[in-house]
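A.B. asks: One structure, pasted below without further comment.
The values are calculated or read from the model by the stated rules, or taken from the named source; none is laboratory data. Everything numeric in this text was worked out from a predicted model, so none of it was measured. Ideal geometry is used to build each Cβ from the backbone, glycine not excepted, and the neighbour counts take in all protein chains shown.
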Amino acid sequence: MAKVSVIVPVYNIEVHLKQCLDSIVAQTINDLEIICVDDGSTDTSLQILQKYAAEDSRFRIITQANAGPGAARNAGLKIATGEFLIFLDSDDWFEADFLELMVKRAEETAADVTICRAVEFDAGTGTDIASEWMLKTQYLPGNVFSPIDIRSYIFQFTYGMAWDKLYVRSFLAQKNLRFPILFNSEDLAFVFPSLLAANRIAILDRALLHHRVNRASSVSNTRCSQPEAPYQAFKIVKEYLETTEQLELYQQSFVNWAMEFLVWHVCNMDDRIIQKQYLSVLRTRWFPSISFEQFPNSYYRDKIAYIKYIAAKKLPGWLFFRIVKHYKLVKKLWIHVSGRCRAP
């Protein structure tokens, strides 16, 4: 049994795959099981994986017809044997001591889930972006805590991304946690239930991985291919809260997150026709199903997110999208002039 099972879903990523794999091979902890799941790639990704497997016995390669990242991660999870387990993206790369430090932190804190920081790498501009928003330590009582300790911010302190979180594999097996079969937003429907189920969560307050963004063919840029997925993921999380009788306990954090997330999803669709269609869906189906108006204005902590919700609900579509466009431009300029953007 390996110390860490590293699961990497792979789909048509030949340009960046070697950088990812090289950074995994170079980890200072050698006791790894590297499970790469080719999700029906049509480029040379599978051939690259096979070459690495021929040269390094730690690699295990699975192939499957294209079913999305959730199905690929589940396939890797099914055969994983490591004491710890992490899901990494095939276009990211990692500091050499990433896994060693994460395992050390998990062991010294007895945490079911250990979370570190990341730095975003903008593929369009070739710059790193300091990304404090990914891990909001101002919401935390310390660097080791239980979900109940942060019940007011359990959905806000981190994002629903799997690649910055190291899991105890037996914990995932005991809680029977799996990814839904969706082509986007599948990770949040796994991550948030895992945080809610954990006895202890630990933070390693260091940036140890480089997350590539603004890549033209990434999942985050193709959300229009399955525009219902975010709402389906939202329902999965809500069902988990209801099934485990935790909805009342975490409701304010959950409702605040759902409001911001569903508006964000529509704002970031890259097909204008589908975007307009789903603004209507947001107004007529998604918002009413959650009944945001049942809570007073003071219930919503992030006032900018609340203003976006009101705008999405009430403004003419053309005006709402114009405001969103200008907001994004201003935000991008602020990041640049504030010095948070630097050359790699």
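A.B. asks: For the stretch 80-96, state whether one or more residues are in contact with a Gly (Cβ under 8 Å, 6 or more places away or on another chain), at pLDDT 95 or above, surrounded by fewer than 22 Cβ atoms within 10 Å (Cβ to Cβ) and among the hydrophobic types (A, V, I, L, M, F, W, C).
C.D. replies: No, the stretch 80-96 contains no residue that is in contact with a Gly (Cβ under 8 Å, 6 or more places away or on another chain), at pLDDT 95 or above, surrounded by fewer than 22 Cβ atoms within 10 Å (Cβ to Cβ) and among the hydrophobic types (A, V, I, L, M, F, W, C).
A.B. asks: Among the acidic types (Asp, Glu), within 30 Å of ALA233 (Cα to Cα) and in the same structural domain as ASP164 (by TED's automatic domain parsing): is that true of ASP31 in this structure?
C.D. replies: no
A.B. asks: If you scan the stretch 314-330, which residues turn out to be aromatic (Phe, Trp, Tyr) and surrounded by 11 or more Cβ atoms within 10 Å (Cβ to Cβ)?
C.D. replies: Looking only at the stretch 314-330, we keep the residues that are aromatic (Phe, Trp, Tyr), and these are 318, 320-321, 327.
If the condition is that a residue be aromatic (Phe, Trp, Tyr) and surrounded by 11 or more Cβ atoms within 10 Å (Cβ to Cβ), then PHE320, PHE321, TYR327 are the ones that fit.
A.B. asks: Within the stretch 12-22, identify whether any single residue is in contact (Cβ under 8 Å) with a residue 60 or more places away in the chain and of a type in the set (Lys, Arg), and answer yes or no.
C.D. replies: Scanning the stretch 12-22, I find no residue that is in contact (Cβ under 8 Å) with a residue 60 or more places away in the chain and of a type in the set (Lys, Arg), so the answer is no.
A.B. asks: Among the residues of the stretch 151-165, is there at least one that is within 18 Å of CYS116 (Cβ to Cβ), among the charged types (D, E, K, R) and assigned by TED's automatic domain parsing to the domain that holds ARG200?
C.D. replies: Checked the stretch 151-165: at least one residue is within 18 Å of CYS116 (Cβ to Cβ), among the charged types (D, E, K, R) and assigned by TED's automatic domain parsing to the domain that holds ARG200.
A.B. asks: Keeping to the stretch 218-231, report how many residues are hydroxyl-bearing (Ser, Thr, Tyr), modelled with pLDDT under 85 and part of a helix (DSSP H, G or I). Before the answer, list the steps.
C.D. replies: Going residue by residue through the stretch 218-231, those that are hydroxyl-bearing (Ser, Thr, Tyr) are 218, 220, 222, 225, 231.
Of the ones still in play, those that are also modelled with pLDDT under 85 are 218, 220, 222, 225.
Subset that is part of a helix (DSSP H, G or I): 220, 225.
Count: 2.
A.B. asks: Further question: For the stretch 20-49, what are the residues that are in a helix (DSSP H, G or I), loosely packed, with under 15 Cβ neighbours inside 10 Å and not acidic (Asp, Glu)? Full working, then the answer.
C.D. replies: Kept after step one, since they are in a helix (DSSP H, G or I), are these residues of the stretch 20-49: 20-25, 45-49.
Checking the rest, the ones that are also loosely packed, with under 15 Cβ neighbours inside 10 Å come to 22, 47.
GLN47 - this is the single residue of the stretch 20-49 that is in a helix (DSSP H, G or I), loosely packed, with under 15 Cβ neighbours inside 10 Å and not acidic (Asp, Glu).
Each row is one residue, and each column tells you yes or no for (1) of a type in the set (A, V, I, L, M); (2) in a helix (DSSP H, G or I).
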residue: ARG206; (1), (2): no, no
residue: ALA233; (1), (2): yes, yes
residue: GLU239; (1), (2): no, yes
residue: GLU242; (1), (2): no, yes
residue: VAL281; (1), (2): yes, yes
residue: THR284; (1), (2): no, yes
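A.B. asks: When you scan the stretch 152-162, how many residues do you find that are of a type in the set (A, V, I, L, M, F, W, C) and either more than 25 Å from GLU107 (Cβ to Cβ) or surrounded by fewer than 19 Cβ atoms within 10 Å (Cβ to Cβ) (or both)? Write out each step before concluding.
C.D. replies: Kept after step one, since they are of a type in the set (A, V, I, L, M, F, W, C), are these residues of the stretch 152-162: 154-155, 157, 161-162.
Applying the additional criterion that residues be either more than 25 Å from GLU107 (Cβ to Cβ) or surrounded by fewer than 19 Cβ atoms within 10 Å (Cβ to Cβ) (or both) yields 155, 161.
Count: 2.
A.B. asks: For ILE62, which of the numbered conditions (1) surrounded by fewer than 20 Cβ atoms within 10 Å (Cβ to Cβ); (2) in contact with a Pro (Cβ under 8 Å, 6 or more places away or on another chain); (3) in a strand (DSSP E or B) fails to hold?
C.D. replies: (2)
A.B. asks: I would also like to ask the following. Is there a residue being touching a Phe, Trp or Tyr at 6+ places or on another chain (Cβ under 6 Å) and not acidic (Asp, Glu) anywhere in the stretch 283-299?
C.D. replies: Here is the first cut: in the stretch 283-299, the residues touching a Phe, Trp or Tyr at 6+ places or on another chain (Cβ under 6 Å) are 286.
Applying the additional criterion that residues be not acidic (Asp, Glu) yields 286.
The answer is yes; a qualifying residue exists.
A.B. asks: How do the strands (runs of 3 or more DSSP E) wholly within the stretch 70-133 filter down when requiring 3 or more residues that are assigned by TED's automatic domain parsing to the domain that holds VAL10 and within 30 Å of GLY40 (Cβ to Cβ): which remain?
C.D. replies: Values: elements: 84-87, 113-122, 127-130.
It comes to 84-87, 113-122.
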